[in-house]
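One structure is given below, encoded as structure tokens.
The values are calculated or read from the model by the stated rules, or taken from the named source; none is laboratory data. All of these numbers come straight from a predicted model, not from anything done at the bench. Here the Cβ positions follow ideal geometry from the backbone for every residue, glycine too, while neighbour counts run over all protein chains shown. Areas reflect the complete protein model, heavy atoms only, side chains present, ligands, DNA and RNA absent. Shrake-Rupley method; radii C 1.70, N 1.55, O 1.52, S 1.80 Å.
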Amino acid sequence: MEAKELGRQARQRRGGHNDGIVSASAFDGLPEAVPVAVGCSAALRAEMEHLPDLLVSSVDWTQRVDALLRLEGLVQSGAAGFATFPELLLGVRDSLAAQMQERRSAVSRQACHTVCVLAAACGTSFEPLAVHLLPVVFKTLAMGIQIVSEAADACTYAMLAACPSPRLLPKLCSVVAGDRNGRLRQSAAEFLLRAVEGWEPAIYERQLECVERAVLAAVQDAHAETRVVGRSLYGAYARSWPAQAQAMLARLERDRQLQDKLIMAAEEYVPEVCSSVCTGREEAIAGVCPPASLAPLLARLGKSGVDWGNRVSVFQVVQATLEQSGNSHVVAADVTSNTDRLVAALLEGCGDAHFRVAAAALAALGVGLASPCSRAFEPQLDRVMTALFARVVDPKEQIRVLVDAALAAALAQHSADVVLGALARSLQANRAPRVKCAVMDFFARAVRGGGEERQGLLKQLMGPFPRSALGGLLRSLLQLTTDKNPDIRRSAADAVAAAYHGGEAQAVLNTLHSLPPADLLMVQRAIGPAIHQQQQGSCSEAHVVPAPLSSRPGRDSEPSHQQSGSLTSRRQSSEGLKLPPQEEHRRQENSGSLNARSKQGSRAGSSSSGAGKAQTAGPAPADQHTPQPPSPFLWRVQSASPLGTESAGAAADVAASPAAEPAANGAVTQAALQLRAEQRLEVRVPTGTVVPFNDVMAAQLERLMVQLEAGPSAEALQGLSRLAHVLPAAAWPPCFDQVMAAVCAALGSTSLVLRDTGLMLARDLAAAVLPSLFLPTLPLLLPMLLACAAEQEAREIVLAADEALEALLLRAPPQSCLGVLAPRLPAIGDSLSTDRQQGAELHATIRSLRRVVVHMQPAGLSAHLQPLLLPGLCTTYRSPLTDVRKATVDCLISIWLVVGDAIKPHLEPLSASQLKLLDIYHARSHG
């Protein structure tokens, strides 16, 4: 039998019941044995006689491991088939015993594995060696090395399964009844329980007296875990020998308390899953017969002192019961009647610290959610999904796989309104950032689908949506788009964008406009890039393209009529988020041919054109011809007109213009359509496209500069921000100083709107102009951006400042930025304040430093480590503020990754614990 198969067969036991899962660390990582063929008995004898010379302590441990692997190779090639092999094994038994007790875990584990291979190959003929090695197992367990103890346990179970012999029981019983080591007594009781459960009763009929003494000793042991095993041992004994068990109870009439405990143990005893060591979890589960009722099992889980082995066994029986619920009405009725207690027990198991218990509970929960009884879980689905998401970020892959399966079953079996409500409550109940991100990512993946196997899930989840359930979830997502954690913001924006492009654009917009005015613009800024990015990837499929509604006739003049100093004006500008008539027709039309929808889109476009005409009076202002990039905050659905995208848009614009008034009541003339289409081709340019600096743009830029002479205004700054996307870099140097002076004045203003527009302009200029233009203004601009990033009252300003810093530090010369940021760090010996404002500015400074250093070359960064950068970071490492310390660690790790070990001599001011933490994070970053 293969060594890996034998490793899978050896299973740990706790509490008298098999967990059905191979110990993950018992034989993992051991080398593979290579078959060693022998042609005759003489060659086999020569090989076996040479092995004891290699298995001595004076030989290097690697050679001893090779010798053990060679013995396994002989077994794999069929050496056990020789009649002389059991006799030859007696020559190496002392050597094997010595290697099992080796302090080096690699040798001891390999020796235990070799014993497993030999026992499985020899069967009952292994008995003489098993009798000799069983006492050695207890000496190995007494070493106290966990990984070696697991291997010794697996070795003992393999011997008990391969050669059931009454000669092994006296040693087990003597350890249970008389050993001073409590851990050995518990292990011996577990081994004895395996023998009583798995062997034929006739095998140990002559050993019943010593078995009874061991049972009584175990149930009265000083250790609670051993007593639990002892009660299970009595249950197994009473099942095999009922008459002898009754006589044993009769002798305990003076101890009524112990007698009652044993009677209860016999009633609650769950038989062993299979009579020998199972080869896998699936086989073990398949052998379980559903009990008459789940109530006794669930009551057993509710008792204190139940060890993890018992809980695993109960969850396995529960899983088997749930699997049979589709085939038996009686079982299904029992599950339904015990649903509340069952869900409570499963959720408690899912959160268990022992991963085997959690794995067994998650497997049972996944089966229950996918079974015909899944509807019974629906009233408590919010609790179920909350518990599942709490384990979705578990470090063990086995747990994560089981969680994913359970979540997929919940999503497939339950209605959309229940699932959405459960997701919303899971988002609120789980406070860990990684768990929140997992909930939102799960929602986004479910909405998008992915392959044929997910199409049904997408259709079931997305339509028709219950308004209340979707609205509550979307509101939570929109609120999280402004969270201080960047991962949460990113996941929330991605989930909102997925819902928007998944067919629920109207629901997203309705929920967005229900937000308070102070939060509206901040949320728009957060979700806009995600929506724009996703629609670029699915433009041809979803027919969604970004379009600045402000560039359409009748919209360009709106900002001039708004007040620039109030938040209500910004709220009014967000009204462009409402869906156009084409989207309304698409939402109302859920079926029909593509041609029918195209005709309706064309009629909607005509009606929209008429409305635009009615609203427009007089010639269009000059700034209508300013190139307008697609705004990251405004979007619309592409027209379905038969004329095509550009022609349909051109027809709408022509109908809204004064030149088209004579044809308003008739067909649009071909000349007017062509003229307006050419104008659209001039005006509508993609983001980042550089167009020639013509007289129109020069006049627009000059007009805005004239406005700035009277002081910065939101209208002028917004106009410059739009021009930054399309003007060539050569257009900015003559006026850049004046623009930056206006930006700095806006950043120092008390008006939130003015500061916000100034930050937006700084961000757009940083991405558009030559980086060298910023050099004269960096000493003034960077501190003002950092002050905005440390704003305590307006989260909108903080997010906008963060975007501006990210864009500026990405393109500005890193040495110059470092020269401005590093002096802002405290010197060694300075006392750090607990003031939140000062801490926020320091936190923003350290984050900006990290953004700078990751783009620098090792030689350039090494030259700036002293005298300000690393001494200042070592000082901030002991800040009383958690955010500052975390940012410091991230920055130090980034510097370490750039300059390498050259950073270590500069870290002497740090304590040993601080250095250890840095080493851990540095190792993780490399992993």
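Here are Tyr157, Tyr204: which of them is within 20 Å of Ser313 (Cα to Cα) and not assigned by the TED database to the domain that holds Gly309?
Every option except Tyr157 fails the conditions.
Conditions tested, residue by residue: (1) at pLDDT 90 or above; (2) of a type outside the set (D, E, K, R); (3) exposed (fewer than 14 other Cβ atoms within 10 Å of the Cβ).
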| site | (1), (2), (3) |
| --- | --- |
| Ser41 | no, yes, no |
| Leu44 | no, yes, no |
| Ser77 | no, yes, no |
| Glu87 | no, no, yes |
| Glu102 | no, no, no |
| Cys122 | no, yes, no |
| Ala130 | no, yes, no |
| Leu134 | no, yes, no |
| Thr140 | no, yes, no |
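Got a number for residues in the stretch 224-242 being open to solvent by 70 Å² or more (accessible area, probe 1.4 Å) and either among the hydrophobic types (A, V, I, L, M, F, W, C) or within 16 Å of Val196 (Cα to Cα) (or both)?
Quick first cut of the stretch 224-242, residues open to solvent by 70 Å² or more (accessible area, probe 1.4 Å) only: 225, 227, 231, 239, 242.
If we keep only those that are either among the hydrophobic types (A, V, I, L, M, F, W, C) or within 16 Å of Val196 (Cα to Cα) (or both) too, we end up with 231, 239, 242.
Looking only at that region, the number is 3.
Being modelled with pLDDT under 70, under 24 Å from Ala202 (Cα atoms), among the small types (Gly, Ala, Ser) and outside any helix (DSSP H, G or I): is that true of Ser275 here?
Criteria met by Ser275.
Out of Val753, Val726, report the one residue that is modelled with pLDDT under 90, over 25 Å from Val820 (Cβ atoms), within 42 Å of the chain's Cα centre (by Cα) and assigned to a loop (DSSP other than H, G, I, E, B).
When all the criteria are applied, what remains is Val726.
With the condition kept exactly as written, say whether any residue in the stretch 902-912 is more than 18 Å from Gln838 (Cβ to Cβ), in contact with a Phe, Trp or Tyr (Cβ under 9 Å, 6 or more places away or on another chain) and surrounded by 19 or more Cβ atoms within 10 Å (Cβ to Cβ).
Yes, that holds for at least one residue.
State yes or no: is Asp221 acidic (Asp, Glu), modelled with pLDDT of 85 or more and either crowded, with 24+ Cβ neighbours inside 10 Å or in a helix (DSSP H, G or I) (or both)? Even if it seems obvious, please write down each step before you answer.
Values: acidic (Asp, Glu): yes; modelled with pLDDT of 85 or more: yes; either crowded, with 24+ Cβ neighbours inside 10 Å or in a helix (DSSP H, G or I) (or both): no.
Spelling it out, it is not the case that Asp221 is acidic (Asp, Glu), modelled with pLDDT of 85 or more and either crowded, with 24+ Cβ neighbours inside 10 Å or in a helix (DSSP H, G or I) (or both).
Kindly indicate whether Val820 is open to solvent by 10 Å² or more (accessible area, probe 1.4 Å) and within 16 Å of Asp756 (Cβ to Cβ).
No; evaluated as a whole, the condition is false for this residue.
Quick check on Gln866: is it over 21 Å from Lys484 (Cβ atoms) and either assigned to a helix (DSSP H, G or I) or in contact with a strand residue (DSSP E or B) (Cβ under 7 Å, 6 or more places away or on another chain) (or both)?
Taking the combined requirement at face value, the residue satisfies it.
With respect to Leu917, is the statement that it is open to solvent by 10 Å² or more (accessible area, probe 1.4 Å), at pLDDT 90 or above and not in a loop (DSSP other than H, G, I, E, B) true?
The answer is yes for Leu917.
I want to confirm something. Restricting to the stretch 278-298 and keeping residues that are more than 28 Å from Cys163 (Cα to Cα) and surrounded by 13 or more Cβ atoms within 10 Å (Cβ to Cβ), which single residue is modelled with the lowest pLDDT?
The qualifying residue modelled with the lowest pLDDT is Pro290.
Restrict the check to the stretch 95-106 and report whether at least one residue is of a type in the set (D, E, K, R), more than 18 Å from Val137 (Cα to Cα), within 46 Å of the chain's Cα centre (by Cα) and in the same structural domain as Ile147 (by the TED database).
No, the conditions are met nowhere in the stretch 95-106.
Listed here are the residues, each with its yes/no results for (1) farther than 22 Å from Ala152 by Cα; (2) not in a helix (DSSP H, G or I).
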site: Leu44; (1), (2): yes, no
site: His50; (1), (2): yes, no
site: Thr62; (1), (2): no, no
site: Leu68; (1), (2): no, no
site: Leu71; (1), (2): no, no
site: Val75; (1), (2): no, no
site: Leu89; (1), (2): no, no
site: Arg103; (1), (2): no, yes
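Could you please give the count of residues in the stretch 394-431 that are open to solvent by 50 Å² or more (accessible area, probe 1.4 Å), of a type outside the set (Lys, Arg) and touching a residue at least 24 places away in the same chain (Cβ under 8 Å)?
Selection size over the stretch 394-431: 7.
When you check Ala526 against the structure, is it modelled with pLDDT of 80 or more, touching a Phe, Trp or Tyr at 6+ places or on another chain (Cβ under 6 Å), among the hydrophobic types (A, V, I, L, M, F, W, C) and open to solvent by less than 40 Å² (accessible area, probe 1.4 Å), yes or no?
no
Quick check on my filter: what residues within the stretch 142-174 are open to solvent by 10 Å² or more (accessible area, probe 1.4 Å), closer than 23 Å to Ala79 by Cβ and touching a Ser or Thr at 6+ places or on another chain (Cβ under 7 Å)?
Ala161
Answer with yes or no whether Ser831 is of a type in the set (Gly, Ala, Ser), without any contact (Cβ under 8 Å) to a residue 12 or more places away in the chain and more than 23 Å from Leu781 (Cα to Cα).
Considered against the rule, which asks whether it is of a type in the set (Gly, Ala, Ser), without any contact (Cβ under 8 Å) to a residue 12 or more places away in the chain and more than 23 Å from Leu781 (Cα to Cα), Ser831 comes out as yes.
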